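Data first, discussion second: the structure below is written as structure tokens.
Bear in mind that the values in this text are calculations on the coordinates, not laboratory data. Keep in mind that this is a model prediction, so the values were computed, not measured. We place every Cβ from the backbone using ideal geometry, glycine too, and count neighbours over all the protein chains shown.
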Amino acid sequence: MSEVHHAITAHSNKQHMIVKRFLQLDTEREKYIEEAVSLCLKGEPFTVDRINAVTKQINDLAKQGIVPQRKYVTPAMVQEYVEKLRIKGEMSHEICCDK
């Protein structure tokens, strides 16, 4: 019975470590996305290389079936998101300040 308990504990600890690593990587990925968006908003060059390097690590973890996969990001995706932010900002400005 003790062996079963140890096996369950080991399995649970492994899953916990995977989830913990996923959360760390996901936070890092979001940071890199924010950096790319910020650069793009300023009209400066940006890359998605670091985003996708972390995405690969996340997707490797996801193969174990515990954590979700994340999509790879393209420069076009960042640009589309920035365009939506700009449109939203313009609309907010019009609603707020156009009287």
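By the rule of a C-alpha distance below 23 Å, with chain neighbours fewer than 8 residues away ignored, the lysines paired with Lys84 are Lys31, Lys42, Lys71.
Ordering Val54, Asn13, Ser2 by Cα displacement along the dipole of the chain toward the positive end leaves Ser2 in first place; charges were set at the Cβ atoms of Lys, Arg (+1) and Asp, Glu (-1). Straight-line cross-link reach from Lys14 at under 22 Å between alpha-carbon atoms covers these lysines, not counting any fewer than eight positions away in the same chain: Lys56, Lys63.
Between His5 and Asp49, the modelled label-to-label distance comes to 5.2 nm, taking each label 7 Å out from Cα in the direction of the beta carbon. Using the Cβ-Cβ distance between Glu34 and Asn13 with R0 set to 30 Å, the FRET efficiency from 1/(1 + (r/R0)^6) comes to roughly 0.40. Per-residue ellipticity at 222 nm computed for the chain from its helices equals -27500 deg cm²/dmol, with DSSP H segments shorter than 4 residues left out and the rest contributing -39,500 (n - 2.57).
Taking the structure as given and computing Cα extents along the principal axes in Å, which label from (i) 74, 31, 16; (ii) 56, 32, 24; (iii) 53, 28, 20 fits? Label of the calculated value: (i).
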